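Provided herewith is a single structure, encoded as structure tokens, for subsequent inquiry.
Just so it is clear, none of the values below were taken in a lab; they were calculated from the coordinates. This is a predicted model, so every value here is computed, not measured. Positions of Cβ are backbone-derived with ideal geometry, glycine not excepted, and every protein chain shown enters the neighbour counts.
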Amino acid sequence: MMQNELFDVIAKRRSIRKYQDRKVEGGDMKGVVDFLAQVKPLFPEIRTELRVLESATGKGLGSSIAPHFVSIFSEPKGDYLMNAGFMIQQVDLYLSSHGLGSCYQAMVKPNKDFVPPAGMECVISIVFGWPSVELHRKSLDEFKREPLSAISTVKGHDDIMQAARVAPSGRNTQSWFFTGGDGVIDQYYQKSLLFNDLRLIDGGIVLCHIWVAAEHAGKKVIFRKDADAAKNAPEKREYLISVHLQ
């Protein structure tokens, strides 16, 4: 049931930058906190923790535009940036499906008085609260995204790839690219000298949309690395991971 709720908002979610001056409380906040404990990791071997924090405990540009924010903390190892993006996008979709607005704020971090979980660092945050503007888009035409043909040559999984196409990304760069078919989707991205960490987080965000859409379609999803896919990267792209659909 939860997967269906998340899938239903993929085609209409939007970043919200204006919020009502009231907190999320009671059962609504309990629902958010309970959901954080259910979030699925991309790489379970990487230790992570999701925390709901008040805007007063935050620092950085954007920390005060909403009453709350969720930060994801992670031990910095392996593909932890992709893992963080995959996890926190589930939170973004949950918030949107429950009437709450949210917006990625890469510069928002807990202030110096906050003690992070041992051995972990804050990767990225999303601010959230009750929106004071329209929460959802009315149609796919409102998305400012590349056409599917510009980001994918995957054959036979158009519904899943459309979910990937509308995923949010830092500065709307949409740096991802997908190849494959016959039950396998290979993911690549375009590296950046200045924003590479954000692009790796974006890689996890778009994988979340693929996973949610695939499970909604009744597919079992397995993520794994593939040496051949890595060798056959398109020009100017770096390999990230392969998605196996069963």
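Could you tell me which of the residues D228, D202 is touching a residue at least 40 places away in the same chain (Cβ under 8 Å) and of a type in the set (D, E)?
Values: D228 fails: touching a residue at least 40 places away in the same chain (Cβ under 8 Å).
The conditions single out D202.
Exactly one condition in (1) out of contact with any Phe, Trp or Tyr (no Cβ under 9 Å at 6 or more places or on another chain); (2) farther than 22 Å from S169 by Cα; (3) of a type in the set (A, V, I, L, M) is false for I10; which is it?
Here I10 meets the rest and fails (2).
Report, by residue number, each residue of segment 101-157 that is basic (K, R) and in contact with an Asp or Glu (Cβ under 9 Å, 6 or more places away or on another chain).
Residues of segment 101-157 basic (K, R): 109, 112, 137-138, 144-145, 155.
Hit for segment 101-157 is K155, nothing else.
The rows are residues; the columns are (1) crowded, with 23+ Cβ neighbours inside 10 Å; (2) closer than 18 Å to V39 by Cβ; (3) of a type in the set (D, E, K, R); (4) in contact with an Asp or Glu (Cβ under 7 Å, 6 or more places away or on another chain).
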{"residue": "Q187", "(1), (2), (3), (4)": "yes, no, no, no"}
{"residue": "K191", "(1), (2), (3), (4)": "no, no, yes, yes"}
{"residue": "I205", "(1), (2), (3), (4)": "yes, yes, no, no"}
{"residue": "E215", "(1), (2), (3), (4)": "no, yes, yes, no"}
{"residue": "N232", "(1), (2), (3), (4)": "no, no, no, no"}
{"residue": "R237", "(1), (2), (3), (4)": "no, no, yes, no"}
{"residue": "L240", "(1), (2), (3), (4)": "yes, no, no, no"}
{"residue": "Q246", "(1), (2), (3), (4)": "no, no, no, no"}
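Considering only residues that are of a type in the set (A, V, I, L, M, F, W, C) and closer than 27 Å to L194 by Cβ, which ones fall in segment 91-113?
Applying the first criterion (of a type in the set (A, V, I, L, M, F, W, C)) to segment 91-113 yields 91, 93, 95, 100, 103, 106-108.
Scanning segment 91-113 gives V91, C103, A106, M107, V108.
Of all residues being at positive phi and under 20 Å from the mean Cα position of the chain (by Cα) in segment 143-182, which is surrounded by the most Cβ atoms within 10 Å (Cβ to Cβ)? Just the residue, please. Talk me through it step by step, then tell me what you get.
First, pick out the residues of segment 143-182 that are at positive phi: 156, 171-172, 174, 180-182.
Imposing the further condition that a residue be under 20 Å from the mean Cα position of the chain (by Cα) reduces the set to 171-172, 174.
Numbers: R171: 12, N172: 12, Q174: 23.
Step by step, filter segment 143-182, then rank; the result is Q174.
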